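Bear in mind that the values in this text are calculations on the coordinates, not laboratory data. Note that the structure is a prediction, hence the values are computed from the model and not measured. All Cβ positions, even for glycine, are placed from backbone atoms using ideal geometry, and neighbour counts span all protein chains on display.
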Amino acid sequence: MKLKYLLSFLTFCFVLTVQAQKTVKKSGILSGRVIDQNDNSSLPGAAVLLDNGKKYTISNPTGYYEFLDIPAGEYSLTVSYIGYNAVEQQVEIIAGKNTVIDLRLSTDTQTLEGIVVIGERLKGQAKALNRQMNSANISNVISSDQVGRFPDSNIGDALKRVAGITMQNDQGEARNIVIRGLAPSLNSVTLNGDRIPSAEGDNRNVQMDLIPSDMIASIEVNKTLTPDMDADAIGGSVDLITRASPYGERISATLAGGYNPIREKGNYIGSFVYGNRFLDSKLGVIVSTSYNNSNFGSDNVEAVWDKDDFNNVYVSEYDIRKYDVQRVRRSFSGAFDYKINDNHTLYASAMYNWRDDRENRYRVRYRKIKPTYDAQDNIIGFKGDIRRETKGGIDNNRNKNTRLEDQRIQNYALGGTHLWSSNLDMDWSVSYSRASEDRPGERYIDFENKKVAMNADLNDGNYPLLTAADDVPENFKFRKLSENDNFTKESEFGAKLNFRVPFSVIDDQKGRLRFGGRLRLKDKKRDNIFYEYTPLAGNEIGGLHTVPNNFYTGEKFQPGSQYVPGYFATKEYLGGMDLNNGLLFDKQAVPEEYLAQNYKAKESIYAAYIRWDQDFTANLSMILGARIEHTRIDYTGNHILDENDLIGEVNNTNDYTNVMPSVTFKYQTDNDWIYRAAFTTALARPNYYALAPYISVVSQDTEIEAGNPDLKATYAYNFDLMAEKYFQSVGMFSFGVFYKNLNDFIYTYRTDSFTTENFDGLFANQVNPIPAGEQWKFKQQRNGDQVNLYGFEVAFQRQLDFLPGKFWKGMGIYVNYTYTHTQAKGITNGDGEIRENMELPGAAPHMLNGSLSWENDKFSARISANYSSDYIDELGGSDFEDSFYDKQFFLDANASYKVTKYLSIFAEANNLTNQPLRYYQGVSNRVKQMEYYQPKFTLGVKVDF
């Protein structure tokens with residue numbers, strides 16, 4: 001379907017709504033806000049009922065509600081909210097006018113022998129549950145107050161508490177999100193409904209450890225989509241919602257410090273929030289800032305396993321790595337709204353996140369390891385090369401002798417809401433987002449000892465150990481010195497326009513029709529450069545023993561003291577080299593390190609939707625609709641021969657259209673049970689670098705790697721059933737089952753029998769390097785046939801206030817479990833071999849969260865656990881080469897004490913289990929990577945007015 005058809009569809013929606021509207025009656029509008037009267041904050045997800053529930057609506061994330069097309073007259077207006085006292089008042093609707101009624105609620109506080117049973121301490125949980133209960137789709141919501149009840153410093157750590165979610169970690173922090181067993185590439189992350197661009201060089205993933213948790217008002221995980229939502233979220237969409245302006249002055253500040261035992265260094269945390277209303281409450285303002293400086297590191301062992309001709313399994317490559325890391329996060333945000341009059345409001349928001357990640361890595365690598373044999377072909381030893389590499393950066397005020405990774409994400413939005421008549425409202429927004437990653441002046445120096453006899457202890461594949469008697473500095477000669485500058489950026493301009501009109505086919509039952517359009521213009525670029533430096537005469541670099549070096553023992557090395565990192569050139573020596581002095585070094589670009597990686601990408605996405613909400617009875621409602629998204633892509637990559645020669649640029653354009661229907665039913669009983677059923681469709685666009693039309697040819701190794709601009713977007717059919725029970729004492733129980741059918745899923749194709757005929761079909765008019773009759777290795781992303789995924793999830797959270805005794809009334813329990821199973825069809829590797837019944841990479845079968853808490857009006861404490869089972873992470877050429885992400889179990893604890901009404905102190909402990917990041921190859925006792933971080937401890941104070 002072409003773009004003109006999409007525009008025709010949008011025009012049709014507008015004509016339909018005009019024709020569908022009833023004859024204009026003497027009607028008016030009722031609108032306002034639902035507000036917590038204690039702290040003047042907004043209450044999202046409140047059920048606002050008019051005329052004993054014959055008409056109702058739900059307050060949005062800013063607490064705003066509205067009723068359209070209300071006949072003039074007097075009505076009873078009621079608002080209910082879990083954990084709060086219900087409010088009822090009489091209102092008079094005047095024809096042709098917008099009657100504005102703000103509803104202020106107080107907490108439903110009950111005192112029993114001095115203990116607050118339901119009150120201030122549960123407001124965050126109440127906000128989240130109300131939004132989840134009254135949501136039109138299947139979702140999970142976390143409020144900022146809830147995040148504060150767990151020891152979570154970033155958004156990723158907070159998300160791992162949600163049912164059906166597990167996180168992939170990096171340097172001890174949760175980074176990439178897996179929803180219901182689907183990999184990060186099949187999920188989306190938005191900020192106030194707008195997609196956040198990615199600073200990653202080759203994919204669309206948003207690093208969840210970049211945004212501090214204290215910058216967000218709430219997190220909404222949408223597990224099913226409605227037609228007005230962007231469709232690129234097969235697993236789910238995570239919407240980060242920023243703070244809205246309060247309805248009175250709000251001041252909050254946090255100051256904390258901590259200790260990271262692994263490097264015996266500290267971390268420092270500070271945040272500040274201020275909000276108020278000005279100009280007779282027409283102008284609302286809230287600004288916030290956050291600072292986090294953490295000094296830590298990790299201890300790492302990695303191994304690559306291989307087989308010889310006699311089917312003996314051994315380690316062919318082996319690393320011991322020591323990391324020293326400083327991670328500095330700064331975040332700034334502001335939100336502004338201006339009420340022109342009762343019918344028209346403008347708003348603006350901005351957020352700027354900036355993270356400096358400084359890292360030094362000291363790596364010893366045993367490589368090209370080959371067994372040696374006796375006369376009976378028994379392995380009696382090993383031989384290989386050893387390299388000792390220091391990773392750092394320039395000695396300046398930014399790099400500070402480290403590898404600096406400067407990541408920034410910025411988002412700006414301007415919009416408005418408008419009530420044009422009692423029968424029509426409209427909202428619009430324009431936004432600009434930009435993500436970038438800059439790695440300037442990144443340096444490496446390594447020394448090599450060749451053909452070394454090695455000893456290998458492989459009796460326990462969980463802890464393989466390689467050593468060499470000749471592993472001493474005097475035997476290591478200088479090999480290579482390099483510096484690179486890597487830069488990636490992605491920007492997105494977005495615009496959307498939405499309309500809503502009353503439309504019901506059943507008298508006296510609520511109905512409304514929504515339609516709108518969406519534009520997203522994306523631009524991505526990766527621009528890397530890499531240089532090697534050869535010392536000139538008189539400036540030779542000798543052996544490792546002749547340069548400033550450090551020795552790192554195995555003492556306190558987390559995988560075990562038997563692992564000794566050893567000797568390395570110091571970071572100060574590497575950073576202090578004057579590499580741009582032409583009298584000291586010869587500088588040469590190394591194209592094989594960057595040419596194939598660089599690419600440019602443009603994507604234009606045009607969308608339109610129509611959504612019909614219809615109540616059939618007071619208990620049963622439906623959402624029916626469809627979304628159309630038209631995608632145009634324009635990608636440019638490089639054709640590289642023998643890693644160094646740029647044959648030329650390869651450009652490819654493509655476009656495709658997806659139609660995505662959906663229907664959702666919701667049935668709510670009178671005793672707070674809610675039943676949901678949904679059929680939805682969604683898609684996942686291929687990763688950027690996978691689409692780039694690059695070709696990298698290494699003739700010496702007879703290897704080719706190529707992009708695939710003809711990749712199709714993965715398209716999914718989703719079926720969900722969910723039952724939920726909500727407790728008035730702030731709690732819930734839920735159980736749901738789900739099934740997803742993914743078509744054209746994407747996997748990595750590998751073969752060792754790529755021929756000249758195969759290459760001719762790769763890209764048109766490209767130089768063919770493969771001689772006739774030869775077979776080369778080839779790697780490319782390709783579409784498989786389909787994936788079937790099914791599973792279930794169960795969740796329970798409740799204060800045990802129904803039990804007798806003071807102690808139990810302060811006790812709370814939170815637990816959820818998710819099971820998923822996947823089966824992928826159409827994966828082909830090797831010589832056309834089809835791998836049957838494969839699991840989809842990234843799908844964790846078992847996920848479990850739990851916590852126990854105890855609170856009273858002064859003190860609160862919580863211990864939290866998070867578990868996910870192992871799962872396949874990346875497909876290899878065979879079962880032996882498949883890579884698995886191992887099981888994880890995290891245990892965290894936190895406590896706080898309210899010193900005064902406004903001042904509290906808190907303490908947190910993360911990763912008490914010292915859970916490593918662990919991968920294994922093929923089977924669980926062949927470790928591929930084990931990286932340890934040790935626990936982290938924090939102590940702080942918080943002031944909240």
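Some notes on this structure:
- The stretch 281-384: radius of gyration over Cα atoms, expressed as a fraction of 2.2 N^0.38 Å: 2.23
- Residue list for the stretch 309-333, given a label point 7 angstrom along the Cα-to-Cβ vector of Ala253 and an amide N cut-off under 18 Å: 331-333
- Between the exposed loop cleavage positions of the chain, defined as GluC sites (Glu not before Pro) in a non-H, G, I, E, B DSSP state with at most 16 neighbouring beta-carbon atoms within 10 angstrom, the longest gap is 265-539.
- Acute angle (nearest 10 degrees) that the helix 3-20 long axis makes with the longest principal axis of the chain, alpha-carbon atoms: 20
- Placing unit charges on the Cβ atoms of the charged side chains and taking the dipole of the chain about its Cα centre, the candidate lying farthest along the positive direction among Leu255, Ile179, Ala233 is Leu255.
- Using only alpha carbons, the stretch 558-600 has a radius of gyration to Kirkwood radius ratio (Rg to Rh) of 1.19.
- Charge dipole of the stretch 194-284 (Cα centre as origin; +1 on each Lys and Arg Cβ, -1 on each Asp and Glu Cβ, all else neutral): 360 debye, rounded to the nearest 20.
- The simple Förster model, with R0 at 30 Å and r as the Cβ-Cβ distance, assigns Gln376 and Asn455 a FRET efficiency of 0.90.
- Long-range amide H partners of Val189 with built H, under 5 Å: Ile196, Val238
- The order of Leu30, Leu414, Leu103, going from fewest to most other C-beta atoms within 10 Å of their C-beta, is Leu414, Leu103, Leu30.
- Within the same chain, lysines fewer than 8 places from Lys489 are excluded, and of the rest, those with a Cα less than 28 Å from its Cα are Lys160, Lys391, Lys400, Lys522, Lys524, Lys525, Lys587, Lys600, Lys602, Lys712, Lys779.
- The convex hull around the C-alpha trace of the stretch 515-563, projected and averaged over every direction, spans 10.2 square nanometres.
- The phi torsions of the stretch 500-515, fed into the Karplus equation with coefficients 6.51, -1.76 and 1.60 and a -60° offset, translate into couplings of 9, 9, x, 7, 9, 9, 10, 4, 6, 10, 5, x, 8, 10, 10, 8 Hz, rounded to whole numbers, with Gly and Pro shown as x.
- Selection from Trp354, Val87, Pro565, by position along the positive dipole direction of the chain (Cβ): Val87
- About the Cα centre, charge dipole magnitude for the chain (Lys/Arg +1, Asp/Glu -1 at Cβ), debye: 2780
- For the stretch 472-507 versus the stretch 516-578, the spacing of their alpha-carbon centroids is 24 Å.
- Förster-model FRET efficiency, 35 Å R0, Ser604 and Glu703, C-beta, rounded to 0.05: 0.55
- Applying both filters, DSSP loop and at most 16 other Cβ atoms within 10 Å, to the trypsin sites (Lys or Arg not before Pro) of the stretch 556-627 gives Lys556.
- Selection from Phe906, Asn658, Val472 lying farthest towards where the dipole of the chain points positive, charges on Cβ: Phe906
- Cα-based convex hull volume of the chain per residue, rounded to whole Å³: 172
- Check: the stretch 208-346 dipole with +1 on Lys, Arg Cβ and -1 on Asp, Glu Cβ, in debye: 880
- Rg over Rh for the stretch 753-876 works out to 1.34, using Cα positions for both radii and the Kirkwood form for Rh.
- Bridges between two residues of the stretch 140-944, per DSSP, are antiparallel at a rate of about 95%.
- When the alpha carbon gyration tensor of the stretch 850-906 is reduced to an equivalent ellipsoid, the three semi-axes, largest first, read 44, 10, 6 Å.
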